[in-house]
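The structure appears right after this line, and notes come after that.
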Amino acid sequence: MQYIHLLQLGRTSYAEGLEIQRQVIEARKQNRIGDTLILLEHPPVLTLGRNSHRENVIASDELLARKGVELHEINRGGDVTYHGPGQLVGYPIFDLRGDWPGKRGPHLGPVDYMRMLEEVIIRVCHDFGVLTQRVKGRTGVWTIPGGSIPEKKICAFGVHVSMGVTSHGFALNVTTDLRDFDLIVPCGISDRAVTSLELEAPEGREPEPTLANAANSAARHMGHVFQRQMLAADSLDDLMNIA
């Protein structure tokens with residue numbers, strides 16, 4: 001049986017999260033550990049991907065400093081996005097050359113990998129009674145439009161692949177304060193709104209859309225979609241010693 005190691009870190013600064021990613025990526029490239037999913041939550045931070053445009057950060061540097069919002073330029077794909085409390089962030093550190101479902105060559109293609117990540121989140125949203133979809137030409141997971149209300153983005157994606165190993169991943173709004181998205185043009189898309197599981201889930205629906213419940217759902221569906229058993233690690237040191 002092949003595994004995906006699961007490392008849940010709770011609220012972690014963005015800089016610390018990057019450093020943990022770096023260590024896990026390096027260990028995965030050296031085949032010292034297996035494929036790993038990191039789940040965490042960040043304090044308020046804006047991240048600029050490789051294809052970002054600085055003008056999509058609407059807030060001034062002074063306002064960001066006053067609100068305590070950090071800004072980081074990183075190597076993932078995509079434009080500017082926001083991370084903050086109430087948002088489930090997932091960093092899958094996977095070697096795409098492994099024995100993955102649907103692999104048609106020496107490695108799982110990055111586009112196929114993205115579609116599988118989207119499928120994980122679509123299933124997570126379904127667990128909370130929220131029907132979601134892909135939108136052609138736009139990455140992410142989106143709500144189903146209804147009447148005059150267009151689709152809204154509930155989960156953003158941005159990944160990086162180096163030597164066949166993935167990093168960065170997804171950011172699912174669970175109980176996020178969506179007012180913080182007013183600091184930016186999310187992912188460079190100005191004609192659609194963002195939303196959260198908390199806002200979209202039917203009232204009284206079980207399970208309740210909490211960060212813990214969403215993390216459990218994401219871990220379960222990651223195992224289902226990628227056809228691996230999930231193996232929990234208590235800490236980074238524990239993860240490094242599992243192999």
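Of the strands (runs of 3 or more DSSP E) that lie entirely inside region 137-185, not one contains 3 or more residues that are on the phi > 0 side of the Ramachandran plot. Filtering 73, 19 for residues that are of a type in the set (D, E, K, R) and at pLDDT 95 or above leaves a single hit, 19. Annotation note: Cβ proximity below 6 Å between a residue of region 153-172 that is under 18 Å from residue 98 (Cα atoms) and without any contact (Cβ under 8 Å) to a residue 60 or more places away in the chain and a residue that is part of a strand (DSSP E or B) and not polar (S, T, N, Q) (sequence gap 6+ or interchain) occurs for no pair.
Within region 110-152, the set of residues being of a type in the set (A, V, I, L, M) and free of Cβ contacts under 8 Å to residues at least 12 places away in the same chain comprises 111, 149. Taking residue 130 as meeting all but one of (1) over 16 Å from the mean Cα position of the chain (by Cα); (2) at pLDDT below 95, write down the number of the exception. The one condition residue 130 does not meet is (2).
Name the one entry in 8, 30, 87 that is modelled with pLDDT of 95 or more, loosely packed, with under 15 Cβ neighbours inside 10 Å and not acidic (Asp, Glu). When all the criteria are applied, what remains is 30.
In summary, residue 106 fulfils each of the numbered conditions (1) in contact with a Gly (Cβ under 8 Å, 6 or more places away or on another chain); (2) without any contact (Cβ under 8 Å) to a residue 24 or more places away in the chain with the single exception of condition (1).
Mind checking which residues of region 192-207 are touching a residue at least 40 places away in the same chain (Cβ under 8 Å), out of contact with any Ser or Thr (no Cβ under 9 Å at 6 or more places or on another chain) and not hydrophobic (A, V, I, L, M, F, W, C)? Of everything in region 192-207, those that are touching a residue at least 40 places away in the same chain (Cβ under 8 Å), out of contact with any Ser or Thr (no Cβ under 9 Å at 6 or more places or on another chain) and not hydrophobic (A, V, I, L, M, F, W, C) turn out to be 192, 202, 205. Looking across region 108-162, the residues that are open to solvent by 60 Å² or more (accessible area, probe 1.4 Å), more than 16 Å from residue 199 (Cα to Cα) and of a type outside the set (A, V, I, L, M, F, W, C) come down to 110, 115, 123, 134, 136, 137, 138, 139, 147, 148.
Restricted to region 190-243, the set of helices (runs of 4 or more DSSP H) holding at least 1 residues that are among the basic types (Lys, Arg) comprises 211-226.
The values are calculated or read from the model by the stated rules, or taken from the named source; none is laboratory data. On a predicted model such as this, the values are computed, not experimentally measured, just so you know. Note that we place each Cβ from the backbone using ideal geometry, even for glycine, and neighbour counts take in every protein chain shown. Calculation scope for accessible area: heavy atoms of the full protein, side chains included, ligands and nucleic acids excluded. Shrake-Rupley method; radii C 1.70, N 1.55, O 1.52, S 1.80 Å.
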